[in-house]
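In what follows, a structure is listed as structure tokens, so that the remarks can point back to it.
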Amino acid sequence: MQFNSDYVMTIDGKSVQSTSTFESFNPATGEVIARVPDASKAQLDEAVAAARAAFPKWSSAPQAERRRVLEAMAEALERHAEDFMNLLTKEQGKPRAGAEWEVLGSAYWIREISKQSLDAEILEDTPERRVVTKYTPIGVVGAITPWNFPILLAVWKIAPALVTGNCIVVKPSPYTPLCTLKLGELWRDIIPAGVFNVITGGDELGKWMTAHPDINKIAFTGHTDTGKAVMRSAAGTLKRITLELGGNDPAIVLPDVDPKKVAPQLFWAAFQNNAQFCNATKRLYVHNDVYEETLKELVAYARTVKVGDGSQADTQLGPIQNRPQYEKVLEYIQDCRRNGYRFALGGDIDARKRDWFIPITLIDNPPEDSRVVQEEPFGPILPVLRWQDEADVVTRANDTRYGLGASVWGRDLDAVQRIADRLDAGTVWVNEIHKYAPGQAFGGHKESGIGCENSLHGLVEYTNWKTITLNKKSMSAEQDKAA
Ligand code: NAD
């Protein structure tokens, strides 16, 4: 299998090209690294038709058989882990450690999700009646993914969809299509034809999927505004939806922390994946008593972090993944400058330069209603904010349309627990961050999403409930005699 060329779609178990293509870039160099198929509407129809045709056999196979397929998928991914890590760094920009976490984590996830199952619930089983609720697959799932974790976020949809007996059509972000196309090729001989299809194209292709009459569910990860468009469009055919959307995660730091010790943890909470992370800490609330010292330690630690091309061994943070995102992050920096906020670090950008790197930027206590605090920059600019009163900081942390994640940092375990209980978010980490697990539900409150991924709660989202009630007596010969 070639990883540097032959980027083709997978439809009905076959390799498929398209008449038009679009370019894919290496964000560290700005070079075009591939031309990628731009699927037509007819090709989407073919992929959906293939998935629909494969559904009866796949959905009625014993789960043990589907599990074996998923195990083989995980094994194949591990066998080619090195190739996927290199390609991921090349198309996404993330350094080696992040690529390793994502690729090996994806293989682990597939294996763990393959072990999950939803048992039928027997509600009544008497000589007279039997009532059972089963979980049945929905049909054809359309998966739409973003560019920050292209492999992992696809796997979070593919694994539960397939293990529950659905067929799937996956569309990666046009900014990071290559690894997903290669997953299609990798698994072509492992997954029965039509069960797993990969097609590539722009946002338009995503819109066609959400409106497609033969797709029964959309599993979407991306921006909150796009999620709303997905929901509107999916309403036309009442598709099931799972929406994993944006976040503006607060971190609350208590006065009893050791600033030097906590600073590196807070740094990575905010800047992992170059802050292009739905769950990145995007507002850092530090108690007044330790504010100056923590900010000083953060700046000192940030200065040690190497930003550069992810393919170089010592790089810790890569580039911004794409040019529009780079422009967006730049706007936040300019907004902070225009408003006279103090830069504790970074913010020096020559607007004429053509690369996609942004220096680590820390803003010292900007106003609560500033754009950098209220919105989701999705890049390496972090507002550090002071707090004094516990009730006030909880109100500020919750005062957002988002509710994806949050974290609390402190030695006083009663205080951190009290604060964690009052934060309105799908996941609250305490004295640690970004710990996910296949058995742990992940999803957002408020405008951060609908539904969840992972755990049995996430698995249920790939099923319909079906209740069968059986009256064992009403048709029996004794009943006839009695009548
Ligand atoms: P995006 O919403 O621009 O794009 C995501 C995907 O949707 C892409 O594949 C895109 O082509 C497609 N798309 C765009 N318009 C569409 C439409 N109208 N209908 C259907 N599909 C459409 O998001 P992005 O810029 O790729 O990713 C960044 C965003 O994703 C951030 O807001 C981030 O917080 C969020 N995100 C959330 C999670 C989570 O799990 N909650 C994880 C990662 C990223």
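Worth pointing out:
- Members of segment 211-241 that are of a type in the set (Ser, Thr, Tyr) and surrounded by 23 or more Cβ atoms within 10 Å (Cβ to Cβ): THR221
- Across segment 267-285, the qualifying residues are those that are part of a helix (DSSP H, G or I) and more than 13 Å from the chain's Cα centre (by Cα), and the one among them that is nearest to the ligand (Cβ to nearest atom) is ALA275.
- Evaluating HIS457 against the criteria (1) within 16 Å of the ligand (Cβ to nearest atom); (2) in contact (Cβ under 8 Å) with a residue 12 or more places away in the chain; (3) surrounded by fewer than 16 Cβ atoms within 10 Å (Cβ to Cβ); (4) assigned to a loop (DSSP other than H, G, I, E, B) leaves one unmet condition, (4).
- Number of positions in segment 293-347 that are outside any helix (DSSP H, G or I), under 30 Å from PHE25 (Cβ atoms), in contact with a helix residue (DSSP H, G or I) (Cβ under 6 Å, 6 or more places away or on another chain) and free of Cβ contacts under 8 Å to residues at least 60 places away in the same chain: 2
- Residue match in segment 188-197 (condition: within 16 Å of the ligand (Cβ to nearest atom), assigned to a helix (DSSP H, G or I) and buried (at least 24 other Cβ atoms within 10 Å of the Cβ)): no
- Only residues that are farther than 15 Å from ALA193 by Cβ and either away from the ligand (no atom under 14 Å from the Cβ) or in contact with an Asp or Glu (Cβ under 7 Å, 6 or more places away or on another chain) (or both) were counted across segment 162-179, and they come to 7.
- Selection status of LEU183, out of contact with any Phe, Trp or Tyr (no Cβ under 7 Å at 6 or more places or on another chain), assigned to a helix (DSSP H, G or I), touching a residue at least 24 places away in the same chain (Cβ under 8 Å) and near the ligand (Cβ under 9 Å from one of its atoms): no
- From the list LEU77, LEU44, the one residue that fits, being out of contact with any strand residue (DSSP E or B) (no Cβ under 8 Å at 6 or more places or on another chain) and touching a residue at least 60 places away in the same chain (Cβ under 8 Å), is LEU77.
- In segment 230-240, the residues that are charged (D, E, K, R) and more than 11 Å from the ligand (Cβ to nearest atom): LYS239, ARG240
- Segment 434-453 - residue that is under 15 Å from LYS157 (Cβ atoms) and out of contact with any Gly (no Cβ under 7 Å at 6 or more places or on another chain) and, of those, farthest from the ligand (Cβ to nearest atom): PRO438
Residue by residue, here is whether (1) modelled with pLDDT under 95; (2) over 16 Å from the mean Cα position of the chain (by Cα); (3) within 15 Å of the ligand (Cβ to nearest atom); (4) assigned to a loop (DSSP other than H, G, I, E, B) holds:
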| residue | (1), (2), (3), (4) |
| --- | --- |
| MET209 | no, yes, yes, no |
| ILE215 | no, yes, yes, yes |
| LYS228 | no, yes, yes, no |
| THR242 | no, no, yes, no |
| GLY246 | no, no, yes, yes |
| PRO255 | no, yes, no, yes |
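The values are calculated or read from the model by the stated rules, or taken from the named source; none is laboratory data. On a predicted model such as this, the values are computed, not experimentally measured, just so you know. Cβ sites come from the backbone with ideal geometry, for glycine too, and all protein chains shown count toward neighbours.
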